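The values are calculated or read from the model by the stated rules, or taken from the named source; none is laboratory data. The shown structure was predicted, so the numbers you read here are calculated from the model rather than taken from an experiment. Cβ atoms come from the backbone with ideal geometry, glycine included; neighbour counts cover every protein chain shown.
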Amino acid sequence: MISIGKVSKSFPGVKALDDISFTIQYGEVHGLVGENGAGKSTLIKILSGIYPQYEGNIVFDGSVRHFYSAHEAQTGGIATIFQELTVIKELSVAENIFLGREPTRRLGMLDWSVMRDKSNEVLQFLDTPLDPRETVGKLSVANQQIVEICKALVLNSRIIIMDEPTSSLTEHEVDQLFITIRRLKEKGITILYVSHKIEEIFEICDSITVLRDGKHIGTVEKTETSPDEVISMMVGRSMNMMFPPRSAKKGGLLLSVRDLSRIGEFEHVSFDLHEGEIIGFAGLIGAGRTELARALFGATALDTGEIGLYGDRIDHFAHPNDALSRGVAYLSEDRKGEGLMLELSVRENMSLPILKKISPYFFVQGARERELVQSYISKFKIRMTSIDQIVESLSGGNQQKVIISKLLLTESKVFIFDEPTRGIDVGAKYEIYKIMNDLTLEGKGIIFISSELPEVLGVSDRIFCMREGELVQEFTRDEAEPEKVMKVLAAGENLTGGDAA
């Protein structure tokens, strides 16, 4: 279906793709993996017509093709569903499916009946009971993705590129998406599936291409490789262990939470956090973990409860600045919306929380600022052209390292990490786990929230299970077997061997 031949692409100071060559077969689900900065996004944008300037050639369905715009790529049979969906939420399902190519009658009037009938055809093919008249903004993220797929089907696309399609989906919604992908494959449509989640790649893909540092490392059949081998290809080193060993010792009490409640979100939550400890919060979407973290940090108001910090009693933090001033830092799950100022540079983002410290007499000490920022860039190996590079242009993993560096510059003692590894590759994840371990070796304490259960079990010393706003059970690291924890989270079983806090 596609033959990519010696494709290269450079930006100022960076060679994003270096002589890439591989093929994608007709009617297969082809996985594309690599660490952040490996070149996946650049390649997708070349195939999609967004980056028309590149070296090399691409053969599509037997003919050399060079797309000079996204519209050309779409009319040429390639549809791309990006991680940031492009639906217009104020319009209906049918209007989104036919956006920019609306069927018309005489005098240019929209032919609503044709739009609805053809929308129903593709929806029925995907076995999705959506109403073409429904407003897209009222749909779940999973169903909004279905609308994007319908747009591709109406265009008679021969290949559909899916970029991190499950990053915001529940486990059930992921299963539904995979059913849809298999239906597309049966229809003869080729899928290029881009994901950081290796378990998904091995579940849905037929073959896998690995990129690293802009180079093609290899293309392998799924049946002839293993997750460990693919991860090793991605990161350039053996990763026998997905999680670094824990060596920090449990110390004195840092944080004590008693009977915290916020009506409609969580109730009667109590737990302790000690020096050198990572406590993980497991739960399904809607369990109340993020809501608890935000209220604990002072971003939302508590209804009841009290907080003990370093032995002092605090009713609550009235504002996030109050929490920061007392040594409590929070990494939001919404990296782009709440974690970064995307239009500012790496330097400006990292120094933002410490401006008062480096600005005596209202003037920023530029040399001091650069020294501090550069020290964390070196420590965490953040990939960039300069500290003045706009942060929006960094890969997801490097953006996350900038946020963590920003928090560490505050010299806080308690860190709340909400989904710190969402949307980043296994290599970057491992580096963040190491950063967390290093913090605990310094006597810091971490509250860790993740929707990936293996991750919670792999990094945490104790695991707290939340369900429907309640903290229902606590497990030690040794007690926390995946099956046991999942029964508590999903089946509502409270098991012996662990107590609610």
Next item on the list: Can you run down the residue pairs with Cβ atoms below 6 Å, 6 or more apart or on separate chains, where the first is in segment 413-441 and of a type in the set (Lys, Arg) and crowded, with 21+ Cβ neighbours inside 10 Å and the partner is in a loop (DSSP other than H, G, I, E, B) and modelled with pLDDT under 90?
Entry: Lys429/Thr421
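Yes or no, residue by residue, for (1) modelled with pLDDT of 90 or more; (2) assigned to a strand (DSSP E or B); (3) aliphatic (A, V, I, L, M); (4) in the same structural domain as Ile161 (by TED's automatic domain parsing):
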{"site": "Lys6", "(1), (2), (3), (4)": "yes, yes, no, yes"}
{"site": "Phe22", "(1), (2), (3), (4)": "yes, yes, no, yes"}
{"site": "Tyr26", "(1), (2), (3), (4)": "yes, no, no, yes"}
{"site": "Asn36", "(1), (2), (3), (4)": "no, no, no, yes"}
{"site": "Lys45", "(1), (2), (3), (4)": "yes, no, no, yes"}
{"site": "Tyr51", "(1), (2), (3), (4)": "yes, no, no, yes"}
{"site": "Ala79", "(1), (2), (3), (4)": "no, yes, yes, yes"}
{"site": "Leu85", "(1), (2), (3), (4)": "no, no, yes, yes"}
{"site": "Gly100", "(1), (2), (3), (4)": "no, no, no, yes"}
Item checked: Flag for Leu110 being surrounded by 17 or more Cβ atoms within 10 Å (Cβ to Cβ) and either without any contact (Cβ under 8 Å) to a residue 60 or more places away in the chain or more than 20 Å from the chain's Cα centre (by Cα) (or both) -> no
Margin query: I need a count of the residues in segment 18-56 that are surrounded by 21 or more Cβ atoms within 10 Å (Cβ to Cβ) and more than 19 Å from Tyr193 (Cβ to Cβ).
Written below: 2
Checklist line | Unique residue being outside the structural domain of Arg462 (by TED's automatic domain parsing), surrounded by 19 or more Cβ atoms within 10 Å (Cβ to Cβ), touching a helix residue (DSSP H, G or I) at 6+ places or on another chain (Cβ under 7 Å) and over 23 Å from Glu452 (Cβ atoms) when the list is Ser207, Ser195 | finding: Ser207
Check: Which of the following residues is touching a strand residue (DSSP E or B) at 6+ places or on another chain (Cβ under 8 Å), surrounded by fewer than 17 Cβ atoms within 10 Å (Cβ to Cβ) and within 27 Å of Asp61 (Cβ to Cβ): Gly214, Gly218?
Finding: Gly218
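Conditions (1) crowded, with 23+ Cβ neighbours inside 10 Å; (2) in the same structural domain as Cys465 (by TED's automatic domain parsing); (3) not hydrophobic (A, V, I, L, M, F, W, C), marked per residue:
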{"residue": "Ser261", "(1), (2), (3)": "no, yes, yes"}
{"residue": "Gly264", "(1), (2), (3)": "no, yes, yes"}
{"residue": "His268", "(1), (2), (3)": "no, yes, yes"}
{"residue": "Glu277", "(1), (2), (3)": "yes, yes, yes"}
{"residue": "Gly280", "(1), (2), (3)": "yes, yes, yes"}
{"residue": "Ala287", "(1), (2), (3)": "yes, yes, no"}
{"residue": "Ala295", "(1), (2), (3)": "yes, yes, no"}
Notebook entry, point to check: Out of segment 394-421, which residues are within 18 Å of the chain's Cα centre (by Cα) and under 27 Å from Asp322 (Cβ atoms)?
Noted result: Gln399, Gln400, Lys401, Val402, Ile403, Ile404, Ile416, Phe417, Asp418, Glu419, Pro420
Notebook entry, point to check: Got a sec? Which strands (runs of 3 or more DSSP E) wholly within segment 429-489 have at least 1 residues that are small (Gly, Ala, Ser) and touching an Asp or Glu at 6+ places or on another chain (Cβ under 8 Å)?
Noted result: 445-449
Note to self: I want to confirm something. Restricting to segment 176-186 and keeping residues that are free of Cβ contacts under 8 Å to residues at least 60 places away in the same chain and more than 18 Å from the chain's Cα centre (by Cα), which single residue is farthest from Ser450 (Cα to Cα)?
What the structure shows: Glu186
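If you go through segment 64-94, how many residues are touching a residue at least 40 places away in the same chain (Cβ under 8 Å) and under 25 Å from Lys138 (Cα atoms)?
14
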